[in-house]
Amino acid sequence: MSRKPIIAGNWKMNLLQDEAKALFEGIEKFTRDFTAPQLPTIVIAPVFTSLNVVHTIKCNCGCGGDKVAIAAQNCHWENSGAYTGEVSVEMLKDAGCSYIIIGHSERRQYFSETDEMINKKAKAILAGGLIPIICCGETLEQREAGVTDQHIATQIRAALKGLSEEEVAKSVIAYEPIWAIGTGKTCDSKEANRVIAMIRNVVKEVSSEKAGDAIRILYGGSVKPATIEEQMSQSDIDGALVGGASLKADSFNEIIANTMKVRA
Ligand code: 13P
């Protein structure tokens, strides 16, 4: 089963509009030298206020627009209504997004997002025709206590509850060990692959063999140009969700280039 790799940049709460414009242009220019089938699926997740800026470049750049997809970093599960400060899937689609990151550990930790909320968001995203990037991952305490697999399996079962086989197959999961995020401490590639293979088995168990084989599962946590080749050489790692190294065109483009050395 060949799954097309995804290299996604999560810009988190960084970059003003001019900076977002320059960075997106730097990535878009890089993609011009390649055809879409040569490249991994490239996804960029700016802050809400820069969605329009990057979408405008995507629409007007002439050639590379179809090579970089736009993601939001969060959404609400209702279409509209009295939810001050929230943004709906329909609104994000309208702003040019085709992916939405949900359940990032920073949202779980600082904004008290629960597995139930993440499941509602996944359903709303798929119903709206977009693709969820569902994040999961353990804390250092959980890893040291030996409950990593159990914790992640619980997160995945809850996130995928009630989704059809087709919906699961087109979804994306990102395994991001919390202790590896922004710390410079990458999870050993073989261990990341082991956890990701475990996640794939959970998907097969809650959905189907076919959905488990099709779903793309990424690794995230201090991914750098120097780590990506080994990560992409693993059997079950289908790509990366990149934080810090996605904030500079040079390092993000190098991650894409190094991914292509290993997998197209
Ligand atoms: P870093 O690559 O900065 O560790 O961030 C990972 C992450 O949280 C991506 O969503």
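Tabulated data for the structure shown
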{"read-out": "Condition met for SER189 (hydroxyl-bearing (Ser, Thr, Tyr), under 19 Å from ILE44 (Cβ atoms), within 16 Å of the ligand (Cβ to nearest atom) and buried (at least 17 other Cβ atoms within 10 Å of the Cβ))", "value": "no"}
{"read-out": "First in segment 99-114 and farther than 14 Å from PRO177 by Cβ and without any contact (Cβ under 8 Å) to a residue 60 or more places away in the chain, second anywhere and assigned to a helix (DSSP H, G or I) and within 11 Å of the ligand (Cβ to nearest atom), Cβ under 8 Å, 6 or more apart", "value": "GLU113/ARG107"}
{"read-out": "Test: residue in segment 28-40 that is within 14 Å of LEU247 (Cα to Cα), of a type in the set (Val, Ile, Thr), touching a helix residue (DSSP H, G or I) at 6+ places or on another chain (Cβ under 9 Å) and more than 15 Å from the ligand (Cβ to nearest atom)", "value": "no"}
{"read-out": "Search result, residues across segment 107-124 that are within 12 Å of the ligand (Cβ to nearest atom) and buried (at least 19 other Cβ atoms within 10 Å of the Cβ)", "value": "ARG108"}
{"read-out": "Check on PRO225, at pLDDT 95 or above and under 21 Å from PRO40 (Cβ atoms)", "value": "yes"}
{"read-out": "Those residues of segment 198-234 which are charged (D, E, K, R) and either farther than 29 Å from GLY244 by Cα or away from the ligand (no atom under 13 Å from the Cβ) (or both), in sequence order", "value": "ARG200, LYS204, GLU205, GLU209, LYS210, ASP213, ARG216, GLU229, GLU230"}
{"read-out": "Single unsatisfied condition, GLY184 versus (1) within 11 Å of the ligand (Cβ to nearest atom); (2) under 21 Å from GLY146 (Cα atoms)", "value": "(2)"}
{"read-out": "The listed residue being surrounded by fewer than 15 Cβ atoms within 10 Å (Cβ to Cβ) and under 14 Å from the mean Cα position of the chain (by Cα), out of LYS29, LYS12, LYS4", "value": "LYS4"}
{"read-out": "Count - residues of segment 1-27 that are of a type in the set (Gly, Ala, Ser) and either away from the ligand (no atom under 16 Å from the Cβ) or assigned to a loop (DSSP other than H, G, I, E, B) (or both)", "value": "4"}
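The values are calculated or read from the model by the stated rules, or taken from the named source; none is laboratory data. All values derive from a computational prediction rather than experimental measurement. Backbone-built Cβ (ideal geometry, glycine too); neighbour counts: all protein chains shown.
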